[in-house]
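Written below as structure tokens is the structure these notes are about.
The values are calculated or read from the model by the stated rules, or taken from the named source; none is laboratory data. Note that this is a predicted model, so its numbers are computed, not measured. A quick note on method: Cβ atoms are made from the backbone with ideal geometry, for glycine too, and the neighbour counts reach across all protein chains shown.
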Amino acid sequence: MIKKGTKLYSIIKNKCPQCNQGDFFINSNPYKINGNLKIHDNCPKCELKYMIEPSFFYGAMYVSYGLTVAMAVAIFIICQLLSLDLVSTVISIIVVLILSLPNLVRISRLIYINMFVSYEKKFEN
């Protein structure tokens with residue numbers, strides 16, 4: 001469905017943005033509390049250094065913020081279409097954002113590195 005070699009493939013499959021083969025995160029389960037955000041130093045397949053510069057992933061906070069606001073607005077609109085009161089709407093937003101937090105943080109890191117690293121066809125099999 002999603003073609004290998006696209007940024008969307010790298011983000012959804014948690015793969016290296018350069019080769020789309022190596023795993024980005026050490027642990028594939030985002031809800032495992034210990035080691036949720038640990039990434040490999042280099043890609044296991046193409047040796048791309050993930051930490052491009054010191055504190056590189058601080059910029060992913062801005063991506064995470066944007067994703068969180070977009071989700072909160074979407075949940076708010078859905079709750080308003082369902083005619084929920086304001087308290088129920090706020091509780092719904094808080095619950096959904098807390099449950100999706102591990103995934104949002106991981107996805108924001110993948111989106112951020114995909115802004116700077118492009119896929120290279122020389123790594124195709």
**Message:** Give me the residue from the range 100-109 that is buried (at least 17 other Cβ atoms within 10 Å of the Cβ) and either without any contact (Cβ under 8 Å) to a residue 40 or more places away in the chain or not hydrophobic (A, V, I, L, M, F, W, C) (or both) and, out of that set, nearest to LEU37 (Cα to Cα).
**Reply:** ARG106
**Request:** Filter the range 62-99 down to residues that are touching a residue at least 24 places away in the same chain (Cβ under 8 Å) and more than 23 Å from ILE111 (Cβ to Cβ), then give me how many there are.
**Result:** 0
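Determine, yes or no, whether ILE111 is within 28 Å of GLY5 (Cβ to Cβ) and under 13 Å from the mean Cα position of the chain (by Cα). Give the steps one after another, and end with the answer.
Numbers: within 28 Å of GLY5 (Cβ to Cβ): yes; under 13 Å from the mean Cα position of the chain (by Cα): yes.
Yes.
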**Fill in**
Selection from the range 1-14 of residues modelled with pLDDT of 90 or more and in contact with a helix residue (DSSP H, G or I) (Cβ under 7 Å, 6 or more places away or on another chain) yields LYS7, SER10, ILE11, ASN14
**Request:** Return a yes/no flag: does the range 68-91 have any residue that is surrounded by 11 or more Cβ atoms within 10 Å (Cβ to Cβ) and closer than 18 Å to ILE12 by Cα.
**Result:** yes
**Prompt:** From the list PRO30, PRO54, which residue is at pLDDT below 95, surrounded by 15 or more Cβ atoms within 10 Å (Cβ to Cβ) and under 24 Å from PHE116 (Cβ atoms)?
**Reply:** PRO30
